[in-house]
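Taking it in order: structure first as structure tokens, then the write-up.
The values are calculated or read from the model by the stated rules, or taken from the named source; none is laboratory data. Remember, it's a predicted structure, so these values are computed and weren't measured experimentally. Neighbour counts are summed over all protein chains in view; Cβ atoms, including those assigned to glycine, are modelled from backbone coordinates with ideal geometry. With ligands, DNA and RNA removed, areas are computed over all heavy atoms of the protein, side chains included. Shrake-Rupley method; radii C 1.70, N 1.55, O 1.52, S 1.80 Å.
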Amino acid sequence: MKAVVFHEHGSSEVLGYEDMPVPEPGVGEVLLAVRAVSVNHGPDVETRRKGFGMGKLPMPHIGGVDPAGEVVGLGPGVAGVELGDRVAVYPVIACGVCDFCRAGAAENYCRDSRLFGVQTPGGRAQFVNVPVTQLVALPDTVSYEAAAALGVAYTTTFHGMYERAGLTAADTLLVMGAGGGCGVAAVQLAKITGARVLAVTGAEWKGERLLELGADAVFSYRDPEWTAQVLDATGGLGVTAAFDNAGAATLAASLSCLGRGGRLFCSGGTTGLEVGLNIRDLYRNHNSLLFYVQGAKADMEALVALVAAGELDPVIDRVYPLREAAAADEHLDAQEQFGRVILSVEG
């Protein structure tokens, strides 16, 4: 089979398009014929560049955390799945034995979880073994490309928005980095909920796309007055909720836009991981900071149902063939995308 492989960490130049053996599914696994897989900043680009803070990777490594495709092989002990089933992969592999797992918590709360495609071989290949526990069934009305778009960005955003921040139609939501994968997802989901959305981005063309997508107002983080403009847009009250996965470069500014009792949810730090905060301002304003990682399998299943019902259409910026994974990584890393970047895999 063909696969995108790297033998050492580095720039996109370390990615090779190589022949690799087709894996045999083990106990509790299926063999997936991959049709599409998305490109993600942390699990793909950062993992390839220097690792993703999840321990040393066995080399050579095949990335790709959220593939979608067709089941073409069944390992011993697999039940409830048939050859030919259309499925997507939920990427957080829970241990099943830690205190959170035993208590029935969502998979993303597991103490010893592994991330498919980072700590296991992933979906940047024509075929990959997948634990049957990670499969999400796809109706015929949900394309493989749309399904691949959901696994990380949309699922992570969904969990933070509803399970952590409890967003409702009464909220005004600030979305930082609104032109990226998670940002676009946040705009779409918040508008489905009925919330008011104030989107922050850097490129003028992305601002125009965000307005077309339904954002109620757009601000440029390149404008030094953008936080004051957000406060003006809320009548000086500030927003009730904010979503910021950019991290060090923007988190303090996003927090300054929160109104009294407002909450900020965050599951990333693409611009840096260390932030200085004025704690007194936060506690005097009754603000909440809600940090979390990934989303739950139930979140991804809910998103698939929204797509199947025609209520959500994941925004796909560009589709690259698998052999052009390096160009796809560079496109994402340069922040040239609006929405998701997908790799298409031919059988």
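Worth a mention:
- Which listed residue, of 81, 97, 72, is open to solvent by 10 Å² or more (accessible area, probe 1.4 Å), at pLDDT 95 or above, of a type in the set (A, V, I, L, M, F, W, C) and farther than 23 Å from residue 148 by Cα: 97
- Flag if residue 318 is open to solvent by 60 Å² or more (accessible area, probe 1.4 Å), part of a strand (DSSP E or B) and closer than 22 Å to residue 216 by Cα: no
- Within region 134-150, the set of residues being out of contact with any Gly (no Cβ under 9 Å at 6 or more places or on another chain), in a helix (DSSP H, G or I) and farther than 10 Å from residue 314 by Cα comprises just one member, 134.
- Residue in region 326-343 that is out of contact with any strand residue (DSSP E or B) (no Cβ under 6 Å at 6 or more places or on another chain), closer than 24 Å to residue 171 by Cα and open to solvent by 40 Å² or more (accessible area, probe 1.4 Å) present: no
- Condition met for residue 45 (over 19 Å from the mean Cα position of the chain (by Cα) and either open to solvent by less than 20 Å² (accessible area, probe 1.4 Å) or not aromatic (Phe, Trp, Tyr) (or both)): no
- Per the conditions (1) open to solvent by 20 Å² or more (accessible area, probe 1.4 Å); (2) at pLDDT below 95, the sole criterion not satisfied by residue 57 is (1).
- Residue match in region 11-24 (condition: modelled with pLDDT of 95 or more, open to solvent by less than 60 Å² (accessible area, probe 1.4 Å) and under 20 Å from residue 93 (Cβ atoms)): yes
- Taken together, the residues in region 106-155 that are of a type in the set (Ser, Thr, Tyr) and either open to solvent by less than 10 Å² (accessible area, probe 1.4 Å) or under 21 Å from residue 192 (Cα atoms) (or both) amount to 4.
- Flag if residue 30 is farther than 27 Å from residue 111 by Cβ, open to solvent by less than 20 Å² (accessible area, probe 1.4 Å) and assigned to a strand (DSSP E or B): no
- Of the residues 160, 183, the single one that is out of contact with any helix residue (DSSP H, G or I) (no Cβ under 7 Å at 6 or more places or on another chain), open to solvent by less than 10 Å² (accessible area, probe 1.4 Å), modelled with pLDDT of 95 or more and closer than 21 Å to residue 336 by Cβ is 183.
- Neighbours by Cβ (under 7 Å, 6+ apart or cross-chain): first from region 298-317, over 20 Å from residue 343 (Cβ atoms); second in a strand (DSSP E or B) and open to solvent by less than 60 Å² (accessible area, probe 1.4 Å): 301/136
- When residue 168 is tested against (1) closer than 30 Å to residue 223 by Cβ; (2) crowded, with 23+ Cβ neighbours inside 10 Å, just one condition goes unmet, and that condition is (2).
- Residue 227 meets the stated requirement of being without any contact (Cβ under 8 Å) to a residue 60 or more places away in the chain, touching a Ser or Thr at 6+ places or on another chain (Cβ under 9 Å) and open to solvent by less than 50 Å² (accessible area, probe 1.4 Å).
- Hey, residue 264 modelled with pLDDT of 95 or more and either crowded, with 19+ Cβ neighbours inside 10 Å or among the charged types (D, E, K, R) (or both) or not: yes
- Failed condition for residue 89, given (1) of a type in the set (A, V, I, L, M, F, W, C); (2) without any contact (Cβ under 8 Å) to a residue 24 or more places away in the chain; (3) closer than 18 Å to residue 42 by Cβ: (2)
- Filter result for residue 88 (crowded, with 24+ Cβ neighbours inside 10 Å, modelled with pLDDT of 95 or more and farther than 30 Å from residue 202 by Cβ): yes
- Considering only residues in region 81-102 that are in a helix (DSSP H, G or I) and not acidic (Asp, Glu), the one that is nearest to residue 304 (Cα to Cα) turns out to be 101.
- Filter pass, residue 105 being outside any helix (DSSP H, G or I), in contact (Cβ under 8 Å) with a residue 40 or more places away in the chain and of a type in the set (A, V, I, L, M, F, W, C): no
- Hits in region 33-54 (condition: at pLDDT below 90 and not in a helix (DSSP H, G or I)): 51, 52, 53, 54
- Number of positions in region 309-337 that are within 18 Å of residue 139 (Cβ to Cβ) and out of contact with any Asp or Glu (no Cβ under 9 Å at 6 or more places or on another chain): 5
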